[in-house]
Each structure stands twice: as C-alpha cells, then as structure tokens.
C-alpha cells in the first residue's frame, strides 16, 4: 500500500522548512528511538549481536526464548535474535532502494509531465494510468511472472508500483510552484528555463515527496515481506525479516517466536517510519498555515 | 459531460490495451518453453510429439508478430482464451472467481470504513492520551503485513479459542477472519486521513456557527463534521479498492478462499499466460470503472472541477 | 551390508496401514459397526491437477484423486504381493514376450459401458497416443508393442522385450482403466469428468476450490484386501484444495475438514501425542528421497570429491530436529517399501577429517578468505537447484544445514529455490551439481529409470531421469538383465548388486523415504492407504458421528 495520492494535496505552495524548535511528542521520541536502533543494527550489527546469523546447531532447534536465546532458536537451531538484528540491514536496504526507485521514476515522469509540454504530459499521464491500474501486488506479481523471483526483482517491483503515486504528486506540485510568485519573478529576471527548473521549481516540488517517502519505506518493507511469504522474494537462509517470517509460519503452533519476533520488527519499523513521516507532514503543514 | 465521459472511456481502453501488450511481450521474454509449462507437473516428462502438438494447438509455432495480432484480435472481441494450466475458458474461470473476490473486497471496504470512522471520532473527541492511543493504533494497524495478521488471527481465534474457522467455509463465519485481515490495515490508513479532515472540519466556520446555534456536540459531530470529513476518504475509495485487490492475493492464499487473487498467484507460478493476462485485465477494468465512477461523483458534487 | 528392514505393520488382517506408533493404527478393528452415509471432507496440500484423467501427464496429485474413481488391472497387498483387481488372472508366455489377461466379466464403468478386453486395449492405446501427452503412464507401458482381444474378456499383450515390472506398472493409478466411451468424448471433457469403475464418481470440479465425489451405488469391483463388500459407506467426498499447511492443519483441528495430507512434521508429531488426531504413514514406493551428485561434470567427476561431500554432510541431527522424530534416516536409494531395498549405513559415516584429506588428495588444497577451497583459481562451488513445489519447508531447511556443514570442509553450496518449470530448465541445461528429485514408481525397476545410462540421454522433452549422470556398463547390464528376468530370487540379487554400485560410488546421499502422511479426525474410521503408490482409499472409510 502506497501512501494515498491525495495525501499530497495537503501541501500548499509555500517553501517547505521543518521547524527545528518544536517540542517532540512521545510518539516521535519512540519512533526516533526505533529508527536509531534500526540504523545501528543495519550499520554495526556485530555490536548488538556478536554471533553469526547463519550458524546452525541442529540439536538446539526450536528452543523457546531464554536468557541464552532471547528470541529463541529456529528450525536449524540458529539464534533468532541474532538473525533479527542482522536482518535489519537487508530489510532496510530493500525498503530504501524500492522507495528510491519509486521516487526516481516518479521524478522523471512527474517532471516530464509538468514541464515537457502537452504531448509529453499526455504520454506520462497514460504511463501513470497504466501503472495505477495494476495496483500494488498485482503489478509486482506480473513483473515477477516476467522477470522471475529474487531480491532485485522484488525491490524493483515494489519500487515500480509506488512510482505513479509519487509521480502525480510531483507533477501537481511542479505545476503549482510554477504558477507561484517567485517563479514568475525569476522569469521576469530573465533566468533560463533549466535554471528555473533546477534552482527554483524542483527543490520546492520535491521536498514534500521526501516526507511521503518516509511513509513509503515502511510500506515497501511490508510489501517485500509479503512477496517473500508468497515464495517470490528473498531466498533463505539469508536473514531477512520477510523470509524469516515465511520460514517460521509452518511452525506457528509449536514455535510462535519464529513468527512473532520478525513480524514485530517489520511492524515496528514500518510504524516508526509512518509515524515520523506523518509528524514531519503535519509540522510542515503547520509551518505553511 | 459527454466529451468527458468519452475521454475517460478512451483512456480506459488505452490502459487495457497497454497492459495486454506489456504482459504479452513480457511473458515471451522469460526463459522456459511455454509448451513445456503447459504440460508440466511434478514428475511429468512430455514427449517431443506432445510438445509439438501443444505448440500447434496454442499457436506457439507462429511468428511472434502474428501471435500478438491474433491475441489482440481475440481480446478485442472479449475472448480471453483458454487457460494453459486449468484448460478452461479464461472468462468462465474468472466469472467463477470474480464474485468471491468482489464480496471479500466490498465487505472489507465497508468494515474498514466502520472501524476508521470509530477510530477517527474517538481520536478527535477523546482525551490527549486517548488520542495518542488511537493514532498509535492507526499507525500500527497500517504497518501490519496481511499474511502476518492472518497468522496471528488464526492462531488466536482458531487454534487457541476455537471460535472461528481458519479456512473459507460456507456461511458468514468463514468470512470473518479474511475480512478482518484485509480491513484492519486499511482502516488504519483511512482513519489517519479521516482524523485530519475531521479535526479540520470541527474547526471550520459552519461547525462553529452550528455550535453557536446551540446544537449539541454529538449533533454537530454527526450532522456536519463527519460528512465533511468523509469526503476525502471517499475519493480514496478507488485507491483502497486497488489495495484490497492486491491484499486479496495473500488473504485468499492463506484462508484457501477461491478468488481472483489466488488464481493470479497460481497463474504466475504456472506461467499461465492467458490467465495472468485475463486477471490483470479484469482487475484493471474494475479499477478503471471505479475511478471513473468516483471522478464522476466528485464532478457532480463539486462544480468547480467541471471547468478543470 | 544388510537388507533394509520392512517397516510395514499389518493391522486387522485385511486393512493395511503403515503406522508410526503401534497404538494409533488407523484401520484398527473397532467394536463399532460401520455406519453408512455422510460426506467426508478431504483437504489436500498437493497441487490442483490440471486434468482429473491420470493418463494425461501423470503426477501424484492426479493419483490421489484418481484412486477414488479409477481402478487398475491389478493391486498389491501390504506384503507387496500382486492381487487381482479388474483383471481376474493372467499368464506370461515362457519367453516373457506375451501376456494374457483375463478380465472380470461382471464389471461396468459408471457410465454403463461394460469392462471388456477392447476397453483395456483402448486405454493402453490412449496412453501411447502422443495427443494424450502422457508421461508416467506412457513410460510404464513403453514395452507394449501390440494388443489383441482373444475374446470379450481376454486381452493378449505382446512386448518388445520381457518386462518383469509389467504387473507393477499395471497396478499404478497412472495406468488406471477408464471407460472407452468416456475417452472418446475428447480430452477437455474427459479431464473434467473421467469415468472409471471406482467406488466414487466425479460429480463436479470447481476450480481452485475442490472436487465433489459421490458414491457409486452399483460398485462391485473392490480389491481382494478390502474390508467390506457392496458400495462404499460414505455418501460423498468433498475434496478441497488448501495449499497452506498451517491453515490445513488448523482446519483439521477445528473439525472443518476430516482428513488432510502433506502435514507439517510438527503437526504429525503433535498428532501422535494428542488423542483426537490420528496419523497414517504411507511412504511412497520407488526411490527414496535422496540427493544426487552429478558425476557428469567437475568437481563431482572425481570420486574423491563426491566422497568428501558425503563425509562432510551432517544430516542425522537435522532430520531428527526438523522432522520431530517422525522420519527415519535412509541409507538406500530405494524406498523402504521395496523388498529389494539395500541399506548401507557404512558408506555414510560423517567424518570431517576424512573429507578434508580427500579434498587435499583431489588437489583442492588451498582455501580462500571465506574458507572455501580453491583449485587453479576456481572455488569449490556446488550448484543446488531446489524445486519449491517438491521439497517441503523442512527439507529445504535440511538443505540449508547441509550447506552449513559442508562449508566446514570448504564446499560452497549455492541453494537456488526454483519454480517447477525453471527447475526442469536448470536440470535440462546441466546447471546443477546437486539435486533432489523425487520419483514414484511401483517396484525396483525404478532403478533402471534412474541409473541406466540410457536415462542420461535427454528425452525429446529435454528431461533425463539419470540425474547422477551414472554411465557404468556393468550397472547397465545388471539393470537390463533384472528387468527382463522372471526369476524373483535372481532379480533381487541383481538389484542388490546394482544398488551397491550406486551407493559405493558415492553417487547419492539418501535422506529418508518419500514422505507421505495422512492425518484424520477421531470420527473417521476404516481409512487406509492403497499399497500400490500409497494413495488413500475411502472405500472402507466411514464416519462415526
């Protein structure tokens, strides 16, 4: 699920700037703490979990959470805590890469549509409509049917399916910014069209998209894990949350910890990213009003 | 208005053609012989004669351009072809599966709406801490993967409590868990959108004047604020419908419900070209229709849009 | 070297059920009288067939369903003896090239067509017709050259070479006998509603949902080992497709369904402890589940490297943990169901030092920074395509463990989970060093299909069954001789010698029997697995409720 396209209509045409002095709410503190923890897990996993996420010990399979194994052990006796920590990097990478692909494509489509003249606008709108008409997982599934499953495919597929939403927002933002006073002033001052686009329009049009992208990263992780569950995503024994979840699901009645902990990691990540995105959104909105 | 409708319909037709073309050429790029896939099955080894026969039967021996033109010609007449793996008319198969998915998505959409409305009103009227809890719930609900939620619901309601069946059965009890699985994450999204517009509406001049006229807080809330708060969420219905269809792929697989989503997943793994194309087209068609309908409602409701 | 012990448990004299625990026999005689009526709900985790006629293609999901409505010329009892079924008796000529089958004269298909010699001939012709696109049945009747109806109920079959596996082949559901009138309706219709002589009739097939089977009221062709006579007790069977294993088990627990197949090992273990759910273990015949080592290309063209891999691969702890003690390690290429199975644990001792020494001797002396062995700049890489359709999650986890343990000796195993058609593609292109490919066939003749050098030559479809790429003239001779001899003792000796060549050459790593289990609720009585290919039969089943 991408952030709904209409979320973007909340933006006015004023310059976007976060208000640094505002007090943080409890929700924001929790979200930031989760994100920082994740960043630590992604960058220096050895610090949080010194073990090897792939080390097996078949005789210790299916052990319930204990002091020695805080999240228990999986079907091959691997330590679930170590795997969840080491999985952060992979999951975050997929989330970030998919969002980057989505926004990159959206930038091209949105900018061409807004400033490229009638024909280009027509063409990009049609491309957008086609992408829109195959919502989410459907587009990803069709894409996977063509290219075959795997991490790269999953990432691209998720990125592709988020692109049209971003593209619409970028296009309408650019159109709005173009009509604003300071762009008209720049035109009067005789700046070239590319300078105006690069220096004035794009920075202002794109800023809110990055707020939306915060929302998107969480959803991209959720999606990628769904594809792993359907057997089309990350390949085991790699420590990735979605793959761990689907590997643990058959054992849900005997080893709940295999599904619960990676699931909580996904929910915590996606929820924190969403919460941060939303508070960024409302902060920028307060700034404008 | 007529011109507007004609343009929308032409746009929709273009979308369908583009999807059919993309899938047609895309699926030809994959490694593996479609004739082999047609005869495939665990342990089966088709003979060359059988393969040749299947190729001839399905026109797989013709030049690509000819295959494409034939395929498009058939699609234009509403013939979606015969499923490779199920050996039945695709349109008939989709007809069998369509209603199950439609029922599931419509019920889920309604449930999500009801939950979202409750959450949103609770969040705007409640105390500070109540608001925080409600918005926390929204965020968490919208971040839960469908298949994980489904597993947790089955674990709780079927395995532990024994209240509800874990698979699709006749009657309403079999629908409860699938609908909840689809509705909860969507409700989280809708509630976020609704809460913001509700908060805005409650501050708006007409609500203030209603309060000034001495209307009760409940009256204000239900008569004015909610109606206005719902508008942005209604225009999200097209998007919500799309997200439900993709959620149905997972939910139908987990709960063994017959439907388009599960058929699509099977078709993708079986490389069943006519079936993948057919389901993609039908769901795209449904999406296009829903979008035209919501756009039309918006135009009727808001005259300013007609000039745009 | 010792012969594999038979793990069959014969229960109740006639009903034969393989059971893990002596206490939970499915078909144990009960004091209760069977009750007629009711609908049994069966939930399968196997794929939904694309055609209900098991002649077309011919895979296990088709066999599961077809067992309910199509019957074969012969059957087998729990001891592996051939039983008459639709064929009352048969005679083999002295040269083994000609057989005469006498059919029962009182049997009709459920569309009213009588069972005759011409009907059987039409079935074999149907299997051999390329339009049918048969594979399993096609291979099984491969040696049949011509058929002649001697009289209305006697069929003479002439072979191109003697075939000691002919009766085994005729017992399989993929060679089941269908109404010739029904076959003439064309494949599309016949796939939808095949017509046999079985205790149930296909009433309706709703795609992605299930198949409704109703009782054949005029049924009279039960096999000799059935527990009762007359039509089946059950009025109908509701056959549902529920692909998700956890959901399937939850449905059984909550009583939504009565029987499930392909249970998770942990569900199976829980079932034998709990009271209400009963397990039936029915290992499939033919080959065991094993990993083949591709000797056709480097590095496994060197026997020392093959042996090193097998010495380094620790699987016993994994099998114990992953399968919750529900399966036994196999040391044989054949299923423990096969009397000729040869078990050789002594070839499979795990010994890391020995593995390292063998690899050093084979020239893989260096190790790179990741700990993998290197020779002439090449890493010791083993490609292992895994069919996600055929390997259950526990088995895939076991492969991950093999990946981890053989890494200690310096092997880099690359696991590639693939869908079925990509998996066939990888095999056809020889892009594998290790592979696990199940093969179900009744009788030890499966050895000829799997390890005769003829099977390294790709069939026109590109598939070859000899995935180990074994090309040994001595082995070929043994297998050909065994398939043509009529002397049972000589045949057993030949197969034993052949298996020893395969095992002692370190061509395979046997894991366990092809797992096949059914779980049923407490009110299901009298269900058993047919001893031919271990598919369930519900002729004697009834519901105590």
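Considering the range A:120-170, and only residues there that are in a loop (DSSP other than H, G, I, E, B) and surrounded by fewer than 22 Cβ atoms within 10 Å (Cβ to Cβ), the residue that is farthest from the other protein chains (Cβ to nearest Cβ) turns out to be A:150. Tell me, please, whether a residue that is within 14 Å of chain A (Cβ to nearest Cβ), within 27 Å of residue A:263 (Cβ to Cβ) and free of Cβ contacts under 8 Å to residues at least 12 places away in the same chain can be found in the range B:135-142. Yes, the range B:135-142 contains at least one residue that is within 14 Å of chain A (Cβ to nearest Cβ), within 27 Å of residue A:263 (Cβ to Cβ) and free of Cβ contacts under 8 Å to residues at least 12 places away in the same chain.
Taking the condition at the interface with chain B (Cβ under 9 Å from one of its Cβ atoms) and without any contact (Cβ under 8 Å) to a residue 12 or more places away in the chain, does residue A:260 pass? For residue A:260, the condition - at the interface with chain B (Cβ under 9 Å from one of its Cβ atoms) and without any contact (Cβ under 8 Å) to a residue 12 or more places away in the chain - is met. Residue count for the range B:257-270 under the criterion of being more than 10 Å from chain A (Cβ to nearest Cβ), surrounded by fewer than 24 Cβ atoms within 10 Å (Cβ to Cβ) and over 16 Å from residue B:106 (Cα atoms): the result is 1. Against the condition farther than 23 Å from residue C:352 by Cβ and modelled with pLDDT of 95 or more, how does residue C:236 come out, does it pass? Against the criterion (farther than 23 Å from residue C:352 by Cβ and modelled with pLDDT of 95 or more), residue C:236 qualifies. Once the range B:143-174 is narrowed to residues that are crowded, with 21+ Cβ neighbours inside 10 Å and away from chain A (no Cβ under 12 Å), the residue that is farthest from the chain's Cα centre (by Cα) is B:165.
Among the conditions (1) assigned to a helix (DSSP H, G or I); (2) within 24 Å of residue A:261 (Cα to Cα); (3) under 20 Å from the mean Cα position of the chain (by Cα), residue B:191 misses just one, which is (2). Does residue C:467 satisfy the criteria of being closer than 30 Å to residue B:272 by Cα, buried (at least 20 other Cβ atoms within 10 Å of the Cβ), in contact with a strand residue (DSSP E or B) (Cβ under 8 Å, 6 or more places away or on another chain) and within 14 Å of another protein chain (Cβ to nearest Cβ)? Considered against the rule, which asks whether it is closer than 30 Å to residue B:272 by Cα, buried (at least 20 other Cβ atoms within 10 Å of the Cβ), in contact with a strand residue (DSSP E or B) (Cβ under 8 Å, 6 or more places away or on another chain) and within 14 Å of another protein chain (Cβ to nearest Cβ), residue C:467 comes out as yes. Please verify whether the range C:259-281 includes one or more residues that are surrounded by fewer than 18 Cβ atoms within 10 Å (Cβ to Cβ), touching a strand residue (DSSP E or B) at 6+ places or on another chain (Cβ under 8 Å), more than 11 Å from chain B (Cβ to nearest Cβ) and in a loop (DSSP other than H, G, I, E, B). Checked the range C:259-281: no residue is surrounded by fewer than 18 Cβ atoms within 10 Å (Cβ to Cβ), touching a strand residue (DSSP E or B) at 6+ places or on another chain (Cβ under 8 Å), more than 11 Å from chain B (Cβ to nearest Cβ) and in a loop (DSSP other than H, G, I, E, B).
Out of B:276, B:193, B:254, one residue alone is at pLDDT 80 or above, within 13 Å of chain A (Cβ to nearest Cβ) and closer than 30 Å to residue A:275 by Cβ. It is B:254.
Just so you know, in the range B:94-110 the residues that are touching a helix residue (DSSP H, G or I) at 6+ places or on another chain (Cβ under 7 Å) and within 23 Å of residue B:19 (Cα to Cα) include one that is surrounded by the most Cβ atoms within 10 Å (Cβ to Cβ), and it is B:101. Take the conditions (1) under 19 Å from the mean Cα position of the chain (by Cα); (2) modelled with pLDDT of 80 or more; residue A:111 misses just one of them, which is (1). Applying the criterion of being closer than 13 Å to residue C:192 by Cβ and modelled with pLDDT of 90 or more to the residues of the range C:48-64, the residue that is surrounded by the most Cβ atoms within 10 Å (Cβ to Cβ) is C:53. Looking only at the range C:72-103, which residues are modelled with pLDDT of 95 or more and in a loop (DSSP other than H, G, I, E, B)? Scanning the range C:72-103 gives C:72, C:73, C:85, C:86. For residue C:437, are the conditions met, namely being within 26 Å of the chain's Cα centre (by Cα), away from chain A (no Cβ under 11 Å), closer than 30 Å to residue C:517 by Cβ and in contact (Cβ under 8 Å) with a residue 12 or more places away in the chain? Spelling it out, residue C:437 is indeed within 26 Å of the chain's Cα centre (by Cα), away from chain A (no Cβ under 11 Å), closer than 30 Å to residue C:517 by Cβ and in contact (Cβ under 8 Å) with a residue 12 or more places away in the chain.
Would you mind stating whether residue B:84 is assigned to a loop (DSSP other than H, G, I, E, B) and closer than 24 Å to residue B:268 by Cβ? When the stated conditions are applied, residue B:84 passes them. Checking each residue in the range C:282-323 for being within 14 Å of another protein chain (Cβ to nearest Cβ) and assigned to a loop (DSSP other than H, G, I, E, B) picks out C:284, C:285, C:286, C:313, C:314, C:315, C:323.
Exactly one condition in (1) away from chain B (no Cβ under 14 Å); (2) closer than 26 Å to residue B:155 by Cβ; (3) within 26 Å of the chain's Cα centre (by Cα) is false for residue C:249; which is it? Going through (1) away from chain B (no Cβ under 14 Å); (2) closer than 26 Å to residue B:155 by Cβ; (3) within 26 Å of the chain's Cα centre (by Cα) one by one, residue C:249 breaks only (1). Restricted to the range C:385-417, and to residues there that are crowded, with 21+ Cβ neighbours inside 10 Å, free of Cβ contacts under 8 Å to residues at least 60 places away in the same chain and more than 10 Å from every other protein chain (Cβ to nearest Cβ), the residue that is farthest from the chain's Cα centre (by Cα) is C:410.
Are any of the residues in the range A:30-42 surrounded by fewer than 21 Cβ atoms within 10 Å (Cβ to Cβ), modelled with pLDDT of 85 or more and not in a helix (DSSP H, G or I)? No - not one qualifying residue is present in the range A:30-42. Count of the range B:74-93 residues, restricted to those that are at the interface with chain C (Cβ under 9 Å from one of its Cβ atoms) and crowded, with 22+ Cβ neighbours inside 10 Å, is 5.
In the range A:53-63, of all residues being surrounded by fewer than 19 Cβ atoms within 10 Å (Cβ to Cβ) and in contact with a strand residue (DSSP E or B) (Cβ under 9 Å, 6 or more places away or on another chain), the one that is farthest from the other protein chains (Cβ to nearest Cβ) corresponds to A:63.
The values are calculated or read from the model by the stated rules, or taken from the named source; none is laboratory data. Predicted model, so just to flag it, every value in this text is computed and none were measured. Using ideal geometry, Cβ is built from the backbone for each residue, glycine included, and neighbour counts are taken over all protein chains shown.
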